[in-house]
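Quick notes on the structure that follows.
The values are calculated or read from the model by the stated rules, or taken from the named source; none is laboratory data. All of these numbers come straight from a predicted model, not from anything done at the bench. Cβ: placed from backbone, ideal geometry, glycine included. Neighbour counts: every protein chain shown. Heads up: the accessible areas ignore ligands, DNA and RNA and are worked out on the full protein's heavy atoms, side chains in. Shrake-Rupley method; radii C 1.70, N 1.55, O 1.52, S 1.80 Å.
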Amino acid sequence: IKNIYNESRTTKNLLYINAYFYMFLGKLAEQRQKEKQQASEVIPFNRFEDAMIYIRRNIRHQISVNTLANYMRLDPSQVYRIFKKNTGKSPQQIISIMKIEKACSFLSKTDLRISEISEWLGYEYSSHFCKHFKSLMNMSPSEYRALHAKTED
């Protein structure tokens, strides 16, 4: 465009102006073709990844397989199969693991009381949270916090 402008201001050479104009149109056509190719490279929808994002966003709430199935617009048995195929675990096991991972993050990065972490993660009773934490981590939340504090020193 700059060349077209310059040629039109300095000379009466119409051939150069036409040549630059056609070069410009060629570049536009190339760009349009590239955009069409990029648009046709559609990333396939992954139900499992979508479910994992949903769980991460709602980790502090009670998420059942039925809740997940409603979100995914699938039958609960289909949700179960998707999780088994991708992780070898049931959806409820993955939700539990993700809750405990979040608890570990809170325990290591904050000074929130265990009861506050338990409540934030949607456990009705701190004792249930502690029992669940111990079953997955083989130590209590306070032991985990103490261990993590020692490794940072």
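For the chain, with only Lys/Arg (+1) and Asp/Glu (-1) charged at the beta-carbon, what is the dipole magnitude about the Cα centre, in debye rounded to 20? Before the final figure, lay out the partial values.
Numbers: 24 positive and 15 negative charges, 93 e Å.
For the chain, the charge dipole is close to 440 debye.
Could you tell me which residue out of ILE17, ASN70, ASN58 lies farthest along the dipole of the range 1-90 toward its positive end? Charges go on the beta carbon: Lys and Arg +1, Asp and Glu -1, centred on the Cα centre.
ASN58
Which sequence of ARG47, ARG56 reflects their accessible areas, 1.4 Å probe, from the largest down? Before the final figure, lay out the partial values.
On the way: ARG47 105, ARG56 135 Å².
Listed by decreasing accessible area, they come as ARG56, ARG47.
Counting only helical runs of four or more DSSP H residues, what would the 222 nm mean residue ellipticity of the chain come to if each run contributes -39,500 (n - 2.57) and the total is spread over all its residues? Could the numbers behind the result be given before it?
Numbers: 9 runs with 117 residues, N = 153.
Here the helix-only value at 222 nm equals -24000 deg cm²/dmol.
Give the accessible area for ARG32 in Å² (nearest 10); use a 1.4 Å probe, count only protein heavy atoms, and leave out ligands, DNA and RNA.
130
The chain: longest stretch without exposed chymotrypsin sites (Phe, Trp or Tyr not before Pro) (DSSP loop, at most 15 other Cβ within 10 Å), sites themselves excluded? It would help to have the intermediate numbers written out before the result.
On the way: sites that count: PHE45, TYR125.
So the longest stretch without any such site is 46-124.
Quick one: order LYS102, LYS131 from most to least accessible surface, probe 1.4 Å.
Working: LYS102 75, LYS131 155 Å².
Ranking LYS102, LYS131 by accessible area, largest first, yields LYS131, LYS102.
Give me the accessible area of ARG113, 1.4 Å probe, in Å² rounded to the nearest 10.
Estimated to the nearest 10 Å², ARG113 gives 140 Å².
Give me the Debye-computed log₁₀ of I(q)/I(0) at q = 0.13, 0.18 Å⁻¹ for the range 1-114, equal point scatterers on Cα only, no solvent, two decimals.
Here log10 of I(q) over I(0) equals -0.66, -0.94.
Which loop GluC sites (Glu not before Pro) in the range 85-132, with loop taken from DSSP, have no more than 16 other Cβ atoms within 10 angstrom of their Cβ?
Working: sites: GLU101, GLU116, GLU119, GLU124; in loops: GLU124.
Of the GluC sites (Glu not before Pro), the ones in loops of the range 85-132 whose Cβ has at most 16 other Cβ atoms within 10 Å are GLU124.
As a test question: what accessible area, to the nearest 10 Å², does HIS61 have when a 1.4 Å probe is rolled over all protein chains in place?
That residue has around 100 Å² of solvent-accessible surface.
Listed here are the pairs LYS34/LYS99; LYS89/LYS109; LYS2/LYS34; which of them are more than 32 Å apart at the Cα?
On the way: LYS34/LYS99 44 Å; LYS89/LYS109 28 Å; LYS2/LYS34 23 Å.
Flagged as over cut-off: LYS34/LYS99.
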